[in-house]
């Protein structure tokens, strides 16, 4: 399987063509929450919550393919021993405000995904994961960011992305421990 997430804008455009209720970042957040809680969550059930339409329609088929790729790669990244999990967000060359908005959408999608995942209560989460999940929900609900200092805002975004990335790996590991020992590649 391809280990790269689908292109952010390809998925965003496909979802827009179907007038879906979710953005690409939200859909990835939903996928991550569902997979982090229940790695065996049915992909078709998940897709039925994300898009509607005639399965014979070309645009529906295109979106379903992108969603299947997103699900598969997300699952692979979360359960791989190489710790190379990534968030599906706009690229570094996009405006900072767009990237922050997408990060909030990812967090909002994650919160929605928790509801879909079958998690009965936050008390069912291990303590570290519970605190992280509460932080994710707060980020999603935080409103607008102050972007007055571009350099500090850029660093804050990088820190938030890393916080979400590592926390997602922690949640997945606590809920569904990896069977392999993580492999970390040292680069020189």
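Under a GNM of the chain (C-alpha, springs under 10 Å), which listed residue has the highest mean-square fluctuation: 111, 152, 25?
152
Could you tell me the center-to-center distance, by alpha carbons, between the range 20-38 and the range 105-152 in angstrom?
That distance is 12 Å.
Quote the relative contact order of the chain in percent (integer), defining contacts as alpha-carbon pairs under 8 Å separated by 6+ residues. Could the numbers behind the result be given before it?
Details: 223 pairs, mean separation 59.8, N = 188.
Reported as a whole number, the value is 32 percent.
Counting helices only, and only those DSSP H runs with n ≥ 4, report the 222 nm mean residue ellipticity of the chain as the sum of -39,500 (n - 2.57) divided by its residues, in deg cm²/dmol to the nearest 500.
-20500 deg cm²/dmol
Each reported figure results from applying straightforward, stated rules to the coordinates on display, with no laboratory input. What you see is a predicted model, and the numbers here were worked out from it, not measured in a lab.
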